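Below is one structure, written out as structure tokens; comments come after it.
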Amino acid sequence: MIRLALAVTFVPALLAAQSPPPDLIVTNAIIYTADSAHPRAEALAVSGDRLVFVGTTAAVTALAGPATNRIDAGGRPLYPGFIDAHAHLRNLSLILATLDLRGVPSYDSVVALVAVNAARAVPGSWIRGRGWDQNLWGTAFPTNALLSRATPDNPVYLRRVDGHAALVNQAALRLAGITRNTPDPPGGRIVHDANGEPTGLLIDQAFMLAERAIPPDDPAQMQAMTLPAIAEANRHGLTGIHDAGIGPNELAAYESLARDGRFNLRSYAMIYGGSDTSAFLAQQLALGPRPALYNGHLWLRAIKIEFDGAMGSRGAALLEPYTDDPGNVGLFRIPPAQVERIAVLALQSGFQMCTHAIGDRANRVALDIYASALRQVPAADHRFRVEHAQLLTPQDIPRFAAMGVIPSMQGSHQTSDMSWIENRIGPVRVQWAYVWRSLRNTGVIIPNGSDAPVESINPLVSFHSFITRQDADNQPPGGWFPDQRLTREEAFLGMTQWPARASFMENDVGSLSAGKYADFVILDQDIMTVPASQVLATRVLRTVLGGKTVYEAR
Ligand SMILES: [Zn+2]
């Protein structure tokens, strides 16, 4: 006991005596470590890409040598690097590299933006865009008529903000071979007008018909497009991202960037398991879990499944029909039996399942599938996840904790959806939408994500939603179903420790503890103490990944 106490007391002195001085020290900070053993500190020391000591400014300064780099934080708050537990880096790259239609206030404006781009483009080349949302326009879903009139010569492909629908023009319908006689593909819907003609709106799997007609980006293009997306994440204080579904082309691009030391994130990249016969999935399962590739920049041990659609496009699978579309209960994009086969394969190969489930039917069936797969292949520490878990029934809420399933949720979905969600599901079911507090009270962790580019990649947007149930303008007063708020401490864990645990990375990231990666962020104000209404005014001053500054405010 005495020896242990001495060892703890003299850690800085021992480090100074036995190890070379650290490469970097940061002093004079208000540090929130997210480490419950030592929640607060003033300073930290970094050797290589790891933290070697976290403590007082005096103790850390004593470790420094002549070659040690020093950052004086000037009394600013410092936190573990933020981790986005659900985002889509490739789609963020696309939105940065193509037409960004997020927030565009009318369909006329979308049509005009596309026409301007088409006028500058090579005739016949595809015009791609992403981010439109008819809920902002106060109209029903658009049809292609206006778009096709304004842009007749270039095929146009515009994904909806939630990624679950696309609007295409006549030229794109032609190239995709979609006619009035084309049947709906499994898990998708080609929307038709009163005369039976396709309107250009393609729901869920149906947009793959158009996507397959678009020439793919070559690997060099893909790498070049990824870098601005990584920079955007770093600019918002992110050092980690759970990439919710990548294919072979994304993986090749990320590996190539990581090999060259240009992938400035720790990516927990989920293998997109489109079907149980996917060659890419089989190849990755055969390789087995591969954590911490390329000095901890890429982690491969999870499978992503897109089980149902989304609420915005009425594709989320519901137990009872949509209140505003009485014939429709949504859809499964993959048959449940196939999801179960993939879950069994995952357990046999040591992989985690991350299943997108939004509607109450999708959530119930996903939990049933997990239970059945776990009976076939028992696993003590599977940490299976449900991505979104937006609408639940009261009887399904406790099943997450009971089964050890993690609900991976997105604060910003609640604040973006609250103005129209009750139209979709009515006044009774709406009480069971985005039920963070009800879930948390059962004992689960709730890693928070942005679902960027569906929402902003800024993690503070979802942090703010978690603690207020209010949008960026702090509306509505008092918050939307405010009983479902989380505490600030929980919201902080939701972008640090909880994503770390949800990705089996808790020994490497998620808190500022000696031995973990030196991933941290310095902000201009303390998000743990400023009034909640001020959180979104916070600026990131510096983002550090593995001891290397990857973003610094001018
Ligand atoms: Zn997503």
Check: For region 134-222, what is the largest minus smallest coordinate of the Cα atoms on each principal axis, given in angstrom and ordered from greatest to least?
Finding: 43, 31, 28
Item checked: Descending semi-axes in whole angstrom, ellipsoid equivalent of region 391-458, from the Cα gyration tensor -> 21, 18, 8
Item checked: For region 361-427, the fraction of alpha-carbon pairs in successive 10 Å shells from zero, as % -> 18, 46, 26, 9, 1
Notebook entry, point to check: So what's Rg/Rh here for region 165-320, counting alpha carbon atoms and using the Kirkwood radius for Rh?
Noted result: 1.03
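Sum -39500 (n - 2.57) across every DSSP H segment of at least 4 residues in the chain, then divide by the residue count to get the 222 nm mean residue ellipticity, nearest 500.
Counting only the DSSP helices, I get -9500 deg cm²/dmol.
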Notebook entry, point to check: Just for the chain, what percent of DSSP beta bridges are antiparallel, to the closest 5?
Noted result: 50
Notebook entry, point to check: Of the accessible area of region 253-328, with the probe set at 1.4 angstrom, what percent is carbon plus sulfur?
Noted result: 50
Notebook entry, point to check: Along each of its three principal axes, how wide is the spread of alpha-carbon positions in the chain, in whole angstrom units, largest first?
Noted result: 84, 53, 52
Next item on the list: At 1.4 Å probe size, with no ligands or nucleic acids counted, give the accessible surface of ILE457 in Å², nearest ten.
Entry: 10
Note to self: Could you report the accessible area of ARG429 in Å², rounded to 10, computed with a 1.4 Å probe on the protein chains as they sit in the structure?
What the structure shows: 40
Checklist line | Computed magnitude of the charge dipole of region 76-144 (debye, nearest 20; Cβ of K, R +1, Cβ of D, E -1) | finding: 220
Next item on the list: Would you work out what percent of the accessible area of region 458-504, with all protein chains in place, is carbon or sulfur (probe 1.4 Å)?
Entry: 49
Next item on the list: Find the centroid of the Cα atoms in region 91-155 and in region 437-454, then give the distance between the two in whole Å.
Entry: 32
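Rounded to the nearest whole Å², what accessible area per residue is found for the chain with the 1.4 Å probe? Display every interim value, and only then the final one.
Working: 21260 Å² over 554 residues.
Using a 1.4 Å probe on heavy atoms only, each residue of the chain averages 38 Å².
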Note to self: Heavy atoms of the protein only, probe of 1.4 Å, neighbouring chains included. What is the accessible area of LEU136 in Å², nearest 10?
What the structure shows: 100
Checklist line | Stokes-Einstein diffusion coefficient of region 33-95, Kirkwood radius over Cα pairs, 10 °C, 1.306 mPa s, in µm²/s | finding: 111
Next item on the list: First check a/c for region 8-162, with a ≥ b ≥ c the square roots of the eigenvalues of its C-alpha gyration tensor; if it is under 1.5, answer rounded, and if not, answer prolate when a/b is larger than b/c or oblate otherwise.
Entry: prolate
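The values are calculated or read from the model by the stated rules, or taken from the named source; none is laboratory data. Please read all numbers here as calculations on a predicted model, not as lab measurements. Note: ideal-geometry Cβ built from the backbone for every residue, glycine included; neighbour counts use all protein chains shown. Note: accessible area is taken over every heavy atom of the protein model, side chains too, but ligands, DNA and RNA are not part of it. Shrake-Rupley method; radii C 1.70, N 1.55, O 1.52, S 1.80 Å.
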